Amino acid sequence: MYKQLIEAEDEHVHVTLKPNFGKTTFLFSALKNNQVNIYPEFTGSVLETLGKGNNPAGQTANQTYQLAKQRLAKQEKMTYLKPMQYNNTYALAVTKKFQQEHHLKIISDLTQVESILKPGMTLEFIDRNDGLKGIKKTYGLDVTAKSMEPALRYEAISKGKINLVDAYATDSELRQYHLALLKDNKHFFPTYQGAPLMKTSFANKHPKVVKALNKLAGKISETDMQEMNYEVNVKKQSASTVAHRYLVKHGLLKEGR
């Protein structure tokens with residue numbers, strides 16, 4: 001979507017996409033070192049991983065964004081545009097079968113089945129303070145997770161090799177593998193809204209790019225994102241086709257562009 005909107009705004013600009021570029025800290029380093037110009041970062045990740053300072057608990061989505069924006073501007077001389085609507089929050093997921101068998105609704109319920117839990121989680125989630133470390137402390141859970149590649153943990157839970165995974169709220173696999181998210185009843189996870197991040201020097205030089213990207217502010221719901229992820233990951237449609245369809249449908253691009 002970024003590529004298509006930017007190129008529609010300025011026909012002299014060509015955007016090169018670099019997919020699967022790496023984890024949060026790697027991407028941020030690439031941006032600082034001019035290896036990339038723009039990437040979408042999550043508001044919660046800025047506060048938890050990239051910015052320095054204490055994070056007040058229980059902040060609203062807008063408070064999270066405003067604090068993230070201020071820190072990036074002050075500490076890194078970066079411009080953080082307005083976020084999209086969806087909250088791609090971290091979550092814990094189990095199969096619907098496991099959920100029903102053990103009457104699980106909220107994360108606190110996991111303490112009742114702690115002895116039979118077999119978590120498989122990404123290395124990033126295991127390492128992060130807003131991941132497993134913080135969950136164990138906040139919810140009083142004593143579990144050890146097996147580190148797994150993102151795609152493999154979903155296959156493993158569907159085959160019964162593990163029974164608890166970390167997830168993102170917009171993952172297509174939640175629908176694909178009939179998984180249920182457990183409610184974060186202690187409001188541990190911050191809001192994770194995606195927003196375009198770039199150096200302020202780049203934003204000042206390219207006002208048309210900023211204008212194009214701002215068209216996505218407040219757009220794309222969690223359901224929209226999960227459905228689009230499903231179309232790409234499961235139905236094997238190209239990301240550019242799915243992105244274009246959304247942009248045209250919502251009047252952000254004309255059909256022929």
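Only one of Thr49, Thr43 is crowded, with 16+ Cβ neighbours inside 10 Å and at pLDDT 95 or above. Can you tell me which?
Details: Thr49 fails: at pLDDT 95 or above.
Checking each option against the conditions leaves just Thr43.
Only one residue in Glu173, Glu155 is surrounded by fewer than 17 Cβ atoms within 10 Å (Cβ to Cβ) and either over 22 Å from Leu50 (Cα atoms) or touching a helix residue (DSSP H, G or I) at 6+ places or on another chain (Cβ under 8 Å) (or both), so which one is that?
So the residue among Glu173, Glu155 that is surrounded by fewer than 17 Cβ atoms within 10 Å (Cβ to Cβ) and either over 22 Å from Leu50 (Cα atoms) or touching a helix residue (DSSP H, G or I) at 6+ places or on another chain (Cβ under 8 Å) (or both) is Glu155.
Could you check segment 55-95 and list, in sequence order, the residues that are surrounded by fewer than 18 Cβ atoms within 10 Å (Cβ to Cβ), at pLDDT below 95 and closer than 19 Å to Thr25 by Cα?
Asn55
Check whether at least one residue in segment 170-177 is modelled with pLDDT under 95, more than 27 Å from Phe26 (Cα to Cα) and over 17 Å from the mean Cα position of the chain (by Cα), and report yes or no. Spell out the reasoning first.
Quick first cut of segment 170-177, residues modelled with pLDDT under 95 only: 170-177.
Next cut, more than 27 Å from Phe26 (Cα to Cα) only: 175-177.
Remaining after also requiring over 17 Å from the mean Cα position of the chain (by Cα): 176-177.
The answer is yes, given that some residue of segment 170-177 is modelled with pLDDT under 95, more than 27 Å from Phe26 (Cα to Cα) and over 17 Å from the mean Cα position of the chain (by Cα).
Can you list residue pairs whose Cβ atoms sit under 7 Å apart, with the first residue in segment 195-215 being among the acidic types (Asp, Glu) and the second being surrounded by fewer than 16 Cβ atoms within 10 Å (Cβ to Cβ)? Count only pairs 6 or more apart in sequence or on different chains.
Here the result reads none, with nothing in segment 195-215 linked to a residue that is surrounded by fewer than 16 Cβ atoms within 10 Å (Cβ to Cβ).
The rows are residues; the columns are (1) within 19 Å of the chain's Cα centre (by Cα); (2) modelled with pLDDT under 95; (3) not acidic (Asp, Glu).
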residue: Lys205; (1), (2), (3): no, no, yes
residue: Val210; (1), (2), (3): no, no, yes
residue: Lys215; (1), (2), (3): no, no, yes
residue: Asn229; (1), (2), (3): yes, yes, yes
residue: His250; (1), (2), (3): no, no, yes
residue: Gly256; (1), (2), (3): no, yes, yes
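For segment 55-73, does any single residue satisfy the condition of being in contact (Cβ under 8 Å) with a residue 60 or more places away in the chain and within 22 Å of Tyr154 (Cα to Cα)?
no
What helices (runs of 4 or more DSSP H), lying completely within segment 20-107, carry at least 3 residues that are over 25 Å from Thr122 (Cα atoms)?
Values: elements: 24-32, 61-76, 96-102.
Result: 61-76.
Applying the selection to segment 158-167, what residues are crowded, with 22+ Cβ neighbours inside 10 Å and not charged (D, E, K, R)? Give the steps one after another, and end with the answer.
The first filter runs over segment 158-167 and keeps only residues crowded, with 22+ Cβ neighbours inside 10 Å, leaving 162, 164-167.
Ile162, Leu164, Val165, Ala167, listed by residue number.
The values are calculated or read from the model by the stated rules, or taken from the named source; none is laboratory data. Model, not experiment: these values are computed from the prediction. Here Cβ is always computed from backbone atoms with ideal geometry, including for glycine, and neighbour counts include all displayed protein chains.
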